[in-house]
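Enquirer: Here's a structure for you.
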Amino acid sequence: MISGMMTKTLSLLVLITAFQTVHAVDNIMSLAPDTTLYEGLTTYKAPAVYPYDDLYILINGGADVYYEYGFSQVLNAAYLTGSGDRIEVYIYEMTDVPAAFGIFSHTRMAGFEVSSDKDHMQLTKTDLYVLLQKDKYFVTLSWSTPSDGNSALADRIARAISDGIDNPEPLPDLITRYTQQGFKLGDVKYIRGTIALSSAFFFSHKNIFNIREAVYLDEKEQSRIDFYYEDTVMAEAQLKIVKEEISSSSRTVDYVAGNNFLTYTDKRGRKIKISQTGSQIQAIIVKATMEGGTVVLPEGL
């Protein structure tokens, strides 16, 4: 009798949990562009969904960083405009919002503005592509010929895809805390592994920071990377490993270390300071310029 009551109670709890779960998109295929909404647009490659294991088939050579951030599936399709230009669409479903923002921040080109709206959509565009992130989705649209018409059409398609993502989650505090400090969203990159870290700045062939989460910030005269750990003990232990690896590297010059910091110069003349405070390790990379073959550091650094 008691066993039967427990079974019914558990079933009820599962049912309640299922009703409480809100999915931004029930089916990724529902986000595929509807050609009937755009004059002259025809399907060149019908929408197809590639699951986790098939990402290498679609983007051979570029899949590893998606897996590093957390990838679930991707929809790919291609369309022809009225003038015969081709527009390629990729809609990546990542494991969570930070993963989607991370691959968005990793993929976008430096120097281009990132806009945000009240519906938690981040968007950036160039003459040949539009990138957007909303909830756990990262979307790319690219076209073959630069033109105002192609750009406007791609922008309309991107925003229609965005509108199809209901009940989106906002960016996490780990990202928004930097914009609240005055950083532009386009200067913030979220990092979840060694591939993305090496793209931002190369420290070592090894995962010397044992990355869980990190944020890269591009400032005027320096770059900064904040590494986050579970607690102070883990951060202190990781700094010890960083010291050992950096001090023994052939790339390291002018190495100096203290209790909770180290400084050194790399072979390209960049000065790096790495320090630990609480559960965070911070790396500051001073940007150096070359004048007449001599490394010149910004005044006062």
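Enquirer: May I ask you to verify whether GLU93 is part of a loop (DSSP other than H, G, I, E, B) and surrounded by 14 or more Cβ atoms within 10 Å (Cβ to Cβ)?
Expert: In short, no.
Enquirer: Of the conditions (1) crowded, with 21+ Cβ neighbours inside 10 Å; (2) of a type in the set (A, V, I, L, M); (3) under 23 Å from ASP226 (Cα atoms), VAL74 fails just one. Which one is it?
Expert: Result: VAL74 fails condition (3) only.
Enquirer: Follow-up. Only residues that are under 19 Å from ALA196 (Cβ atoms) and either in a strand (DSSP E or B) or touching a His at 6+ places or on another chain (Cβ under 8 Å) (or both): list them for segment 42-65, please.
Expert: Result: VAL65, single match.
Enquirer: Under 6 Å between Cβ atoms, at least 6 apart or on separate chains: pull out the pairs that start in segment 70-83 with a residue that is touching a residue at least 24 places away in the same chain (Cβ under 8 Å) and part of a loop (DSSP other than H, G, I, E, B) and end on any residue that is aliphatic (A, V, I, L, M) and surrounded by 17 or more Cβ atoms within 10 Å (Cβ to Cβ).
Expert: GLY70/MET94; GLY70/ALA99
Enquirer: Looking at (1) modelled with pLDDT under 95; (2) assigned to a helix (DSSP H, G or I), which is the one condition that is false for GLU39?
Expert: Here GLU39 meets the rest and fails (2).
Enquirer: At pLDDT 95 or above and either under 24 Å from SER115 (Cα atoms) or surrounded by fewer than 17 Cβ atoms within 10 Å (Cβ to Cβ) (or both): does that describe GLU221? Show your work before the answer.
Expert: Values: at pLDDT 95 or above: no; either under 24 Å from SER115 (Cα atoms) or surrounded by fewer than 17 Cβ atoms within 10 Å (Cβ to Cβ) (or both): yes.
Here the answer is no, as GLU221 does not meet what is asked.
Enquirer: If a residue has to be of a type in the set (A, V, I, L, M) and more than 20 Å from the chain's Cα centre (by Cα) to count, how many in segment 154-212 make the cut?
Expert: Filtering segment 154-212 for residues of a type in the set (A, V, I, L, M) gives 154, 157-158, 160-161, 165, 171, 174-175, 185, 188, 191, 195-197, 200, 208, 211.
If we keep only those that are more than 20 Å from the chain's Cα centre (by Cα) as well, we get 154, 157, 160, 208.
Matching residues across segment 154-212 total 4.
Enquirer: Can you pull out every residue in segment 191-219 that is of a type in the set (Lys, Arg) and without any contact (Cβ under 8 Å) to a residue 40 or more places away in the chain? Give the derivation first.
Expert: So the first thing to find is which residues in segment 191-219 are of a type in the set (Lys, Arg), and the list is 192, 206, 212.
If the condition is that a residue be of a type in the set (Lys, Arg) and without any contact (Cβ under 8 Å) to a residue 40 or more places away in the chain, then LYS206, ARG212 are the ones that fit.
Enquirer: Then there is this: What are the residues in segment 201-218 that are aromatic (Phe, Trp, Tyr) and crowded, with 17+ Cβ neighbours inside 10 Å, if any?
Expert: PHE203, PHE209, TYR216
Enquirer: Quick one: count up the residues across segment 170-200 that are outside any helix (DSSP H, G or I) and either surrounded by 15 or more Cβ atoms within 10 Å (Cβ to Cβ) or in contact with a Cys (Cβ under 6 Å, 6 or more places away or on another chain) (or both).
Expert: Residues flagged as outside any helix (DSSP H, G or I) and either surrounded by 15 or more Cβ atoms within 10 Å (Cβ to Cβ) or in contact with a Cys (Cβ under 6 Å, 6 or more places away or on another chain) (or both) within segment 170-200 amount to 8.
Enquirer: Outside the structural domain of THR95 (by TED's automatic domain parsing) and in contact with a Leu (Cβ under 9 Å, 6 or more places away or on another chain): is that true of PHE203 in this structure?
Expert: Yes.
The values are calculated or read from the model by the stated rules, or taken from the named source; none is laboratory data. The structure presented is a predicted model; accordingly, all values stated were derived computationally and were not measured. Neighbour counts are summed over all protein chains in view; Cβ atoms, including those assigned to glycine, are modelled from backbone coordinates with ideal geometry.
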